[in-house]
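Engineer: Below you will find the structure I want to go over with you.
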């Protein structure tokens, strides 16, 4: 695959991700981390701020389960909430580390998980299959793009 084709594939996949419902976006992130976690552990961990990612993770972990889900939905939908603004202020690699921590928290039960009977839409399922066939760099780029798009912009005078 040429570099141009690779970039086009990443762009098309990222755009497809953006078109999914918020719940399908969250489920897809979780499935990517659980199915491919060994290969898509946080990219460039030295460039991330794990303490900051862990701090935001802990804020979500301290919430009731349904509030955890709402906080993740707020981040994915760019809602203007304190947690979403805090997330929006993170670097791309720290955002990846944060989602990785959430996936770990879902595995341990600290964070509300995707229900066992949850069925993604056909489109989301196809997208997951396509991502699984991509090379590591493409997978990381798609995850980074998805994570980067989420979260509200911090604004002057707000709590963050």
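The values are calculated or read from the model by the stated rules, or taken from the named source; none is laboratory data. Predicted model, so just to flag it, every value in this text is computed and none were measured. Please note: Cβ atoms are built from the backbone with ideal geometry, for glycine as well, and neighbour counts cover all protein chains shown.
Engineer: Go through the residues of segment 33-42 one by one and say whether even a single one is out of contact with any strand residue (DSSP E or B) (no Cβ under 8 Å at 6 or more places or on another chain), surrounded by 15 or more Cβ atoms within 10 Å (Cβ to Cβ), in a helix (DSSP H, G or I) and at pLDDT below 95.
Structural biologist: Checked segment 33-42: at least one residue is out of contact with any strand residue (DSSP E or B) (no Cβ under 8 Å at 6 or more places or on another chain), surrounded by 15 or more Cβ atoms within 10 Å (Cβ to Cβ), in a helix (DSSP H, G or I) and at pLDDT below 95.
Engineer: Out of (1) at pLDDT below 95; (2) over 20 Å from residue 117 (Cα atoms); (3) in contact with a helix residue (DSSP H, G or I) (Cβ under 7 Å, 6 or more places away or on another chain), what's the single condition that is false for residue 61?
Structural biologist: Of everything listed in (1) at pLDDT below 95; (2) over 20 Å from residue 117 (Cα atoms); (3) in contact with a helix residue (DSSP H, G or I) (Cβ under 7 Å, 6 or more places away or on another chain), residue 61 misses just condition (1).
Engineer: Let me ask something additional. Under the condition of being surrounded by 14 or more Cβ atoms within 10 Å (Cβ to Cβ) and either in a loop (DSSP other than H, G, I, E, B) or touching a strand residue (DSSP E or B) at 6+ places or on another chain (Cβ under 8 Å) (or both), which residue from segment 115-160 is modelled with the lowest pLDDT?
Structural biologist: The selected residue is 160.
Engineer: For the structure I just gave you, tell me whether residue 53 is closer than 20 Å to residue 151 by Cα and at pLDDT 80 or above.
Structural biologist: yes
Engineer: A further question on this structure: Inside segment 69-111, can you point out the residues that are more than 14 Å from residue 151 (Cα to Cα), at pLDDT 95 or above and buried (at least 21 other Cβ atoms within 10 Å of the Cβ)?
Structural biologist: Residue satisfying the conditions is 111 alone.
Engineer: Return the residues of segment 73-85 that are in a helix (DSSP H, G or I), in contact with a helix residue (DSSP H, G or I) (Cβ under 6 Å, 6 or more places away or on another chain) and more than 20 Å from residue 28 (Cα to Cα); say none if nothing qualifies.
Structural biologist: Scanning segment 73-85 gives a single hit, 83.
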